[in-house]
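The values are calculated or read from the model by the stated rules, or taken from the named source; none is laboratory data. Quantities reported herein were computed from a predicted structural model and do not represent experimental measurements. Virtual Cβ from ideal backbone geometry, glycine too; neighbours counted across all protein chains shown.
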Amino acid sequence: LPSEIFEVKSTDLAGRIGRLQTKSGVLETPALLPVIHPVRQTVPISEISKLGFKAVITNAYLTLKNYGDSASIKGIHRIIDFDGVIMTDSGGYQVLEYGDLDVTIEKMAKFQESISTDIAVILDKPTGSKANKSFAKETVKATLKAAKETLSLANRKDILWTGPVQGGVFLDLIRQSAKKTSTLDFDIFALGSPTEVMETYNFQILSSMIMTAKKNLPLNKPLHLFGAGHPLTIPLAIALGCDMFDSASYILFARDDRYLTDAGTVRLKDLRYFPCICRICLSHTPKELLTLEKEERTNILALHNLHVLLKAVTESKEAIHEGRLWEHLGAKARCHPRLWNAFLSLGKYTDFFEEGSLQSKSKAVFFYGPEDFSRPEVLRHRKKLMDNLTFTKKILLILPEDEMRPLYKSPLCLALTAKKTELLENVQICFLSLSFGLIPIEVSDVFPLSQYESSLKPNTTVDFQHFMVEDVIKILEKSKFSNVILVASNTQHRTFASKIRKTVPTRLVKVDRSMSKTVNNIYEILQDLD
Ligand SMILES: [Zn+2]
């Protein structure tokens with residue numbers, strides 16, 4: 001295998017499109033790996049492969065228990081009959097559940113190598129969802145010990161090893177576990193996600209768990225999230241930087257007659273129409289499916305469910321490619337109030353997202369509401385405003401935002417600057433945007449200030465944000481402006497003026513219906529201040 005096993009191709013927020021080299025080929029990430037039962041797989045793997053899945057995950061422990069050491073003669077690819085990339089989970093959960101003492105860390109390390117898996121997972125001690133803190137601590141410790149032991153035993157250079165991070169919902173333990181695991185030579189890191197957090201749609205807790213792990217793990221390695229097979233979890237986890245997922249949900253839901261939609265599950269019996277146009281939904285009606293034998297119905301439903309999960313991954317990938325992951329996640333978040341809450345709290349991570357977001361994108365940045373102030377583009381603009389721009393003029397003239405892009409082409413600005421007068425020489429022109437705050441004219445033609453589309457217009461219910469006022473005050477404090485002229489189109493501007501007036505004398509000019517009158521009023525004040 002080449003030295004660079006994982007290559008990041010493009011990024012947006014903390015999400016990325018990457019290429020993971022394995023001995024069975026390149027796996028493009030983010031990727032969802034359907035869980036395949038090594039013995040009792042009912043949905044044919046050939047069908048799963050036909051849907052477009054390039055990688056699957058199966059259970060090494062169950063393989064060992066069912067096939068014994070003879071499994072190594074066949075190899076895992078022949079056992080489950082799949083040519084693509086195979087990841088094997090070591091079965092930490094099963095070992096705990098059955099209290100199987102015969103299976104050791106060493107046994108599972110050697111067994112996974114012997115069946116020639118592509119991606120192996122150490123025999124970890126999963127924290128689980130009901131763990132108290134002391135048990136959680138114990139799992140972190142035991143998993144680290146297993147990690148070191150496994151890496152010292154690993155012989156094959158062509159197998160990628162995965163190091164799981166434990167800690168359950170205890171963020172300090174996740175941090176500690178991630179930090180320590182990151183010092184070990186793993187190819188992939190993984191986060192155990194307590195099923196309870198997922199099942200109860202606790203997306204806010206899930207976000208903080210993922211971010212805690214992510215911030216303490218090397219960014220040049222993929223992060224696998226265990227058990228994330230829900231169409232709402234996928235875009236969030238991808239935006240937060242998870243590169244791989246696995247899930248048995250497609251079959252578990254199907255067994256329960258639950259049909260996946262983009263927004264969650266629906267009971268098959270409650271459906272009159274299939275809101276999907278996959279091959280299965282086009283050739284059946286819900287009623288027809290209900291008349292089929294249980295096993296046949298389950299398998300058919302499972303394939304549709306996989307289709308929905310794959311779609312969730314593909315849509316997020318395309319959003320990364322287009323630099324529209326924020327918009328995509330925002331739209332998905334509307335599907336469930338709990339996801340919406342998680343989306344609203346993403347502001348905490350904007351700093352981290354900013355690093356992954358492109359400096360320039362080909363498409364306009366969209367603003368729908370105050371939640372979009374957490375966009376990395378806003379933070380980047382504010383940093384630039386504070387750290388990179390210096391103002392040397394005496395008068396700060398603030399013009400209202402306009403729909404024209406770039407803003408310097410707004411009719412008022414053009415009319416104002418058309419007059420070639422010395423009066424403007426001492427004037428710094430800026431625009432006051434409800435989306436970005438202060439925009440100096442000099443940067444108004446730079447992305448994203450040149451390309452944003454906003455539903456936040458003057459006279460909407462949204463007011464200038466607190467940070468926008470603060471930013472202007474900070475600029476006034478560090479610059480040499482002796483006066484501010486604020487051209488006001490509504491009461492929001494007046495409130496703004498009253499707040500900054502305490503720092504630098506501020507004159508208000510009301511926007512008149514006649515453009516020339518507004519321009520004349522501005523010039524009158526400029527003359528007065530000259
Ligand atoms: Zn379908």
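Annotations
- When S444, S450, S433, S454 are screened for being in contact (Cβ under 8 Å) with a residue 12 or more places away in the chain, hydroxyl-bearing (S, T, Y) and under 24 Å from I525 (Cα atoms), only S433 passes.
- Consider the stretch 294-308 and keep the residues that are of a type in the set (D, E, K, R) and touching a residue at least 24 places away in the same chain (Cβ under 8 Å). The one that is nearest to the ligand (Cβ to nearest atom) is R297.
- Beta carbons closer than 6 Å, at least 6 apart along the sequence or on distinct chains, pair a first residue in the stretch 335-349 that is touching a residue at least 24 places away in the same chain (Cβ under 8 Å) with a second that is hydroxyl-bearing (S, T, Y) for R338/Y201; A342/S207; L346/S374; G347/S374.
- Any hit, the stretch 28-39, residues being out of contact with any strand residue (DSSP E or B) (no Cβ under 8 Å at 6 or more places or on another chain) and surrounded by 16 or more Cβ atoms within 10 Å (Cβ to Cβ): no
- Test result for L268, over 28 Å from V85 (Cβ atoms), more than 18 Å from the chain's Cα centre (by Cα) and in contact (Cβ under 8 Å) with a residue 24 or more places away in the chain: yes
- Residues being over 12 Å from A120 (Cβ atoms), of a type in the set (D, E, K, R) and modelled with pLDDT of 95 or more - total across the stretch 139-193: 9
- Taking the stretch 271-285 as the range and being of a type in the set (K, R) and either assigned to a loop (DSSP other than H, G, I, E, B) or within 7 Å of the ligand (Cβ to nearest atom) (or both) as the test, only R272 passes.
- Listed conditions (1) under 37 Å from the mean Cα position of the chain (by Cα); (2) surrounded by 14 or more Cβ atoms within 10 Å (Cβ to Cβ) are all met by V484, apart from (1).
- Residue among L260, L252 that is of a type in the set (A, V, I, L, M) and in a strand (DSSP E or B): L260
- Scanning the stretch 247-257 for residues that are more than 16 Å from the ligand (Cβ to nearest atom) and buried (at least 24 other Cβ atoms within 10 Å of the Cβ) gives a single hit, S247.
- The requirement of being among the β-branched types (V, I, T), in contact (Cβ under 8 Å) with a residue 24 or more places away in the chain and farther than 17 Å from D402 by Cα is not satisfied by I439.
- Of the residues L232, L260, the single one that is touching a residue at least 12 places away in the same chain (Cβ under 8 Å), within 12 Å of the ligand (Cβ to nearest atom), under 15 Å from Y201 (Cβ atoms) and crowded, with 17+ Cβ neighbours inside 10 Å is L260.
- Tally of residues being of a type in the set (V, I, T), more than 11 Å from Y259 (Cβ to Cβ) and at pLDDT 95 or above across the stretch 275-321: 6
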